[in-house]
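Engineer: Please read through the structure below; I'll follow up with questions.
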Amino acid sequence: MNLANYINGEWIPARTGVTFERRNPADTRDLVGRFPESGAEDVSAAVEAARAALPTWRRLAPDARAQFLYKAADLLAARKDAVAAALTREEGKSLPEAAGETGRGVVLLRYYAGEGLRVGGDVIPSTNPNTLLFTERMPLGVVGLITPWNFPVAIPLWKIAPALIYGNCVILKPSELAPHTAHLLAEVLHEAGLPKGVFNLVQGGRAAGEALVNAPGVDGISFTGSTATGKSIARACVERGAKYQLEMGGKNPVVVLEDADLSQAVELTVQGAMRSAGEKCTATSRAIVVDRVADEFTRRVVGRVRDLHLGPGTDPDAYLGPLISEKARDNVLTNIEKAKQEGAHVLCGGQAGHRPDLAHGHYVWPAVLDHVTPGMTIAQEEVFGPVLAILRVPDFDAALKVANDVAYGLSASVFTRDLGNAMRFAREIEAGMVRVNGETAGVEPQAPFGGVKASSSFSREQGQAAKDFYTQIKTIAFDKAGA
Ligand code: NAD
């Protein structure tokens, strides 16, 4: 399979003439396909197409734009199984998770189709009684969307759908580790009949991403990925005056208090830490547990994690699959080794997959580390793998302090029956998304998504919050002609 870019309504190979390959992380003997390794010329062609399409697209009534999103939603729903299978094959998560994510993509398209007629503006009292003063939301223009591999359906669509409905034209540069899923999304949008140039797909890695960030015809960049890449994108956007939005890493805690329902806390902590092999920005990476229940909680978590089935995403029993790449697997193993050297106790897992049937994939046995202290690297840095660090604390005050003592602030959860502690946690935790008796991962598309501190720039994605990035406010004053 040799797949092309999608530019100006046509499938075309990269002008660089170079391709890259993507292999199945569960079995690297399986070649998913070859994809264009695009460069600045490919990005320029896409930007030119998007700019040419913009004047007509932005003038279209929102309900007319919505029809394309509804059509795309229907097409994606009809192809759900095929898209989910492709997602599992190149990204590694289990088939049910991939199908769930594809279903969420359908919901996102339908949700934003409806938002077009709700965008609205404000009527503002003027100091002049004859003046009608109001605001309108205008499209930002041409937007570049740079996405990671871990939610290759949901993340591109939670950017594409609001961008399109609010009248922008789009260039998507997906992750080089999940290019096939992006190709299938582009097929859906093509078949939905979008006018040429309104949506463009440019495949490739860092060079294509950098070219998009630096392209003068791109008015805004919405990025999801690592904090290091996000910071470099922010600098480049500031330099040339482009709008930007960044969603980045996390070091998400659950806090378990003595009055928690321990069965619930154990199950949702394990789920948050180990589903998708811990490769979610909102994955639970720290369990901060008060001493009175720490032994019992830890014993039950380890028992549950030891029972989890590791295998390819196509195995119906697989709870978690392989990591995305060899580099990712080695990074997780190095982090665990370092944690051991710094004094953490590895209670289970933490080795590469050593079963014969896992020999050709990037597997790591899910790991639970006890007696982690806040100063250890494993307590501070994002690992992005199936690793749970347990930190023991004397009381709720200490738990809050430890929970906030990291650079990140994406999601957080507390397990308690005490309404006062729940309220205090919700108010005092430094996180963009807070749960009480819930998993740190898992968000609803109609609610704002994003973090604080090093996890996000200052805007939010999804829900109605998305319009703040994809539109700009125009203030308009009407006065009568003549004196
Ligand atoms: P990454 O930063 O390596 O890559 C993300 C995207 O940026 C890819 O498309 C990549 O090709 C591109 N890119 C790389 N270097 C670039 C550059 N210099 N200029 C422009 N583009 C460039 O991240 P990743 O490994 O794909 O994703 C994992 C990270 O994403 C984790 O840190 C995770 O926490 C984060 N993430 C955050 C969220 C969120 O919403 N907060 C969601 C999912 C993943």
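Engineer: Is at least one residue of region 143-151 touching a strand residue (DSSP E or B) at 6+ places or on another chain (Cβ under 6 Å), among the small types (Gly, Ala, Ser) and either under 30 Å from residue 322 (Cβ atoms) or within 16 Å of the ligand (Cβ to nearest atom) (or both)?
Structural biologist: Yes, some residue in region 143-151 is touching a strand residue (DSSP E or B) at 6+ places or on another chain (Cβ under 6 Å), among the small types (Gly, Ala, Ser) and either under 30 Å from residue 322 (Cβ atoms) or within 16 Å of the ligand (Cβ to nearest atom) (or both).
Engineer: Sticking with this one: Across region 272-317, what is the number of residues that are free of Cβ contacts under 8 Å to residues at least 12 places away in the same chain and assigned to a strand (DSSP E or B)?
Structural biologist: Qualifying residue count, region 272-317: 0.
Matching residues to (1) of a type in the set (Gly, Ala, Ser); (2) within 16 Å of the ligand (Cβ to nearest atom):
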{"position": "384", "(1), (2)": "no, yes"}
{"position": "397", "(1), (2)": "no, no"}
{"position": "408", "(1), (2)": "no, yes"}
{"position": "428", "(1), (2)": "no, no"}
{"position": "433", "(1), (2)": "no, yes"}
{"position": "447", "(1), (2)": "yes, yes"}
{"position": "454", "(1), (2)": "yes, yes"}
{"position": "477", "(1), (2)": "yes, no"}
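Engineer: Among the residues of region 429-454, write down those that are among the charged types (D, E, K, R) and touching a helix residue (DSSP H, G or I) at 6+ places or on another chain (Cβ under 7 Å). Write out each step before concluding.
Structural biologist: The first filter runs over region 429-454 and keeps only residues among the charged types (D, E, K, R), leaving 430, 435, 439, 444, 453.
430, 439 - these are the residues of region 429-454 that are among the charged types (D, E, K, R) and touching a helix residue (DSSP H, G or I) at 6+ places or on another chain (Cβ under 7 Å).
For (1) part of a strand (DSSP E or B); (2) open to solvent by less than 30 Å² (accessible area, probe 1.4 Å); (3) in the same structural domain as residue 298 (by TED's automatic domain parsing); (4) in contact with a Pro (Cβ under 9 Å, 6 or more places away or on another chain), each residue gets a yes or a no:
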site	(1), (2), (3), (4)
368	yes, yes, yes, no
388	yes, yes, yes, yes
402	no, yes, yes, yes
412	yes, yes, yes, yes
417	no, no, yes, no
441	no, yes, no, no
444	no, no, no, no
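Engineer: With the requirement that a residue be part of a loop (DSSP other than H, G, I, E, B) and more than 29 Å from residue 228 (Cβ to Cβ), what does region 446-471 give you? Working first, answer last.
Structural biologist: Filtering region 446-471 down to residues part of a loop (DSSP other than H, G, I, E, B) leaves 446-448, 450-451, 454-455, 457-460, 462.
Correct list: 446 only.
Engineer: Working carefully through the options 239, 210, 247, find the one that is of a type in the set (D, E, K, R) and crowded, with 24+ Cβ neighbours inside 10 Å. Even if it seems obvious, please write down each step before you answer.
Structural biologist: Numbers: 239 fails: crowded, with 24+ Cβ neighbours inside 10 Å; 210 fails: crowded, with 24+ Cβ neighbours inside 10 Å.
One residue alone meets the criteria, 247.
Engineer: If a residue has to be open to solvent by less than 50 Å² (accessible area, probe 1.4 Å) and part of a loop (DSSP other than H, G, I, E, B) to count, how many in region 62-103 make the cut?
Structural biologist: Adding up the residues that qualify gives 3.
Engineer: Still on this model: Out of region 212-244, which residues are near the ligand (Cβ under 10 Å from one of its atoms), in a strand (DSSP E or B) and more than 19 Å from residue 52 (Cα to Cα)?
Structural biologist: Answer for region 212-244, where residues must be near the ligand (Cβ under 10 Å from one of its atoms), in a strand (DSSP E or B) and more than 19 Å from residue 52 (Cα to Cα): 223, 224.
Engineer: For residue 41, only one of the following conditions fails: (1) closer than 18 Å to residue 214 by Cα; (2) surrounded by 15 or more Cβ atoms within 10 Å (Cβ to Cβ). What is its number?
Structural biologist: Exception for residue 41: condition (2).
Engineer: Follow-up question, since we're still on this one. Is it the case that region 248-271 has a residue that's part of a strand (DSSP E or B) and within 14 Å of the ligand (Cβ to nearest atom)?
Structural biologist: The answer is yes; a qualifying residue exists.
The values are calculated or read from the model by the stated rules, or taken from the named source; none is laboratory data. As the structure is a computational prediction, the values presented were derived from the model and not from experiment. All Cβ positions, even for glycine, are placed from backbone atoms using ideal geometry, and neighbour counts span all protein chains on display. Heads up: the accessible areas ignore ligands, DNA and RNA and are worked out on the full protein's heavy atoms, side chains in. Shrake-Rupley method; radii C 1.70, N 1.55, O 1.52, S 1.80 Å.
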